[in-house]
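Single-structure report; data block below.
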């Protein structure tokens, strides 16, 4: 808080409680991945599946297992998804463009606890699918962090406890949520919902008697107005998707034009600052190489 300006800060658990909850989350999940990963995991409630981009492209499997919608929780850069075929087979395709799988990315809410657009879109889609008696596949590139975080958060918004959700994940897909930043946001969401309950603004009951929290309801965003200097600065940058194999993808802005050396430096600096510096213990890129691929225009 500064001057006469005040901002709502979300409540968080005390340090001791938060540490214990972090420990609990880590014990249940983030185990060594099974890289064969043959099929997505069906988690609590029977209407939510968590998987990777290959699962989303296996349309026969989706149809056989009653999936009626898929939510792309990665950025728009996943290529060769059979979007048209999904629609032809009666499977709704939606995307929420989570631009980074990094420890600092606000996938669920900002620092003041305001729900992200990602969470709002995911909640609305799940509610539609649930009312229609279908299932929804939450997927990202690896089916590990972004899709799992949003799936868990949405289930929490519909009355499921984080402990129960993690128990299901531990059995069905135990390598999810390696991203400790996403773990932290799930614990913060738990506190946000507890505060809603305390204030009794929390819940409306649907026809099935389930609890549905008001947090995460879709609201329109105000128009973004950029200054002339900001517009000029942004026009001199181009956004590319950085893939760190086995870890994450992130969107990085680089200047135009750039040499290969400049591109490499921008990517290494971004990975160090936005991702690796938050690991325990902090690390930096030791060896790197750049492989550039162009997928063409992506309507997603």
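The values are calculated or read from the model by the stated rules, or taken from the named source; none is laboratory data. Small disclaimer: the values here were computed from a predicted structure and weren't measured. All Cβ positions, glycine included, derive from the backbone under ideal geometry; neighbour counts span all protein chains shown.
Residue count for the range 86-118, restricted to those that are at pLDDT 90 or above and not in a loop (DSSP other than H, G, I, E, B): 10.
To keep it simple, each residue is scored yes or no on (1) touching a helix residue (DSSP H, G or I) at 6+ places or on another chain (Cβ under 8 Å); (2) in a helix (DSSP H, G or I); (3) touching a residue at least 60 places away in the same chain (Cβ under 8 Å); (4) surrounded by fewer than 20 Cβ atoms within 10 Å (Cβ to Cβ).
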| residue | (1), (2), (3), (4) |
| --- | --- |
| 137 | yes, no, yes, no |
| 148 | yes, yes, yes, no |
| 154 | yes, yes, yes, no |
| 167 | yes, yes, yes, yes |
| 171 | no, yes, no, yes |
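Inside the range 156-165, residues that are closer than 21 Å to residue 72 by Cα and either in a helix (DSSP H, G or I) or within 17 Å of the chain's Cα centre (by Cα) (or both) make up a count of 3.
Scanning the range 55-85 for residues that are closer than 29 Å to residue 240 by Cβ, in a helix (DSSP H, G or I) and either free of Cβ contacts under 8 Å to residues at least 24 places away in the same chain or not assigned by TED's automatic domain parsing to the domain that holds residue 153 (or both) yields one hit, 84. For the range 73-85, the candidate set comprises residues that are more than 19 Å from residue 130 (Cβ to Cβ), buried (at least 17 other Cβ atoms within 10 Å of the Cβ) and in contact with a helix residue (DSSP H, G or I) (Cβ under 8 Å, 6 or more places away or on another chain); within that set, the residue that is modelled with the highest pLDDT is 74.
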